[in-house]
Amino acid sequence: KNQVEQSPQSLIILEGKNCTLQCNYTVSPFSNLRWYKQDTGRGPVSLTIMTFSENTKSNGRYTATLDADTKQSSLHITASQLSDSASYICVVTPSWGYQKVTFGIGTKLQVIP
Amino acid sequence: DAGITQSPRYKITETGRQVTLMCHQTWSHSYMFWYRQDLGHGLRLIYYSAAADITDKGEVPDGYVVSRSKTENFPLTLESATRSQTSVYFCASSEGGTTSRNTEAFFGQGTRLTVV
């Protein structure tokens, strides 16, 4: 079982709408949790990073939240744009070793006009 | 150009052949990584390197060899390619290690490898 589970697997929304992507993890203790955006045919690009003591982090229209007690994180996208169409990957880095960084499978978001 | 570049972008090879994927970064980052990305799996770490001449295995190292004689280069070699190694390979680099906030990994554009 993957230690980082993301939901939904895929999502289609209308341009201008908001959406929230979920990430549940079991990695513990962890150093940080990141959200990456991966456009089709490209490498992932970091959107936000949070340590276990932080519970929210924003990057423009992207806002990530973290609940370390329930081991859940979410990525909220406000006023979606066509360019938001991509996969969004949750990544958890454990405290004990970078070799154990765990990537979620990702949520594939499609924004349609 | 500054950044991290991979070559080739696409490669088709035959089973049993040796193939090398190249990765070059211009930031002088200490850490470099190779991942593979397959449908139904998150990115999985193959090998990583904390500095020149220091490499270590990741989650799925079997069938792969790496070297790092220079800080900026981190080639990945498939010694005898198998169909199960058909995948998209990503190289990444970062400044810091696990406990550092500078653990953002900057990824290359990927190499799509097909083994026939």
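Quick notes on this structure:
- Backbone HN-Hα couplings from phi across the stretch A:39-49 [Karplus 6.51/-1.76/1.60, Hz, Gly and Pro as x]: 6, 4, x, 10, x, x, 10, 5, 9, 8, 9
- Cα pair count fraction exceeding 16 Å, expressed as % - the stretch B:52-91: 38 percent
- The residue among B:30, B:86, B:76 whose Cα reaches farthest toward the positive pole of the charge dipole of the stretch B:1-89, with charges on the beta-carbon of Lys, Arg, Asp and Glu, is B:86.
- 21 Å Cα-Cα threshold exceeded, pairs from B:11/B:70; A:37/A:57; A:17/A:108; A:37/A:108: B:11/B:70
- Cβ-placed point charges (K, R +1; D, E -1), dipole of the stretch A:1-43 about Cα centre in debye, nearest 20: 80 debye
- In this Cβ point-charge picture (+1 for Lys and Arg, -1 for Asp and Glu), the protein assembly as shown has a dipole of about 300 debye about its Cα centre.
- Square roots of five times the Cα gyration tensor eigenvalues for the stretch A:1-95, Å: 22, 14, 12
- When the Cα gyration tensor is reduced to axis lengths a ≥ b ≥ c, the ratio a/c is 1.5 or higher for chain B, and with a/b above b/c it is classed as prolate.
- Overall, the stretch B:19-116 carries a charge dipole of about 180 debye about its Cα centre when +1 sits on the Cβ of Lys and Arg and -1 on the Cβ of Asp and Glu, all other atoms neutral.
- Computed extension length for residue B:82-residue B:26: 17.0 nm, one decimal, from 0.36 nm per residue of separation with the Cα-Cα distance subtracted.
- The ellipsoid equivalent to the alpha-carbon distribution of the protein assembly as shown has semi-axes of 29, 20, 16 angstrom, derived from the gyration tensor eigenvalues as √(5λ) and listed largest first.
Bear in mind that the values in this text are calculations on the coordinates, not laboratory data. Please read these numbers as outputs of a predicted model, since none were measured by experiment. Neighbour counts run over all protein chains shown; Cβ positions are idealised from the backbone, glycine included.
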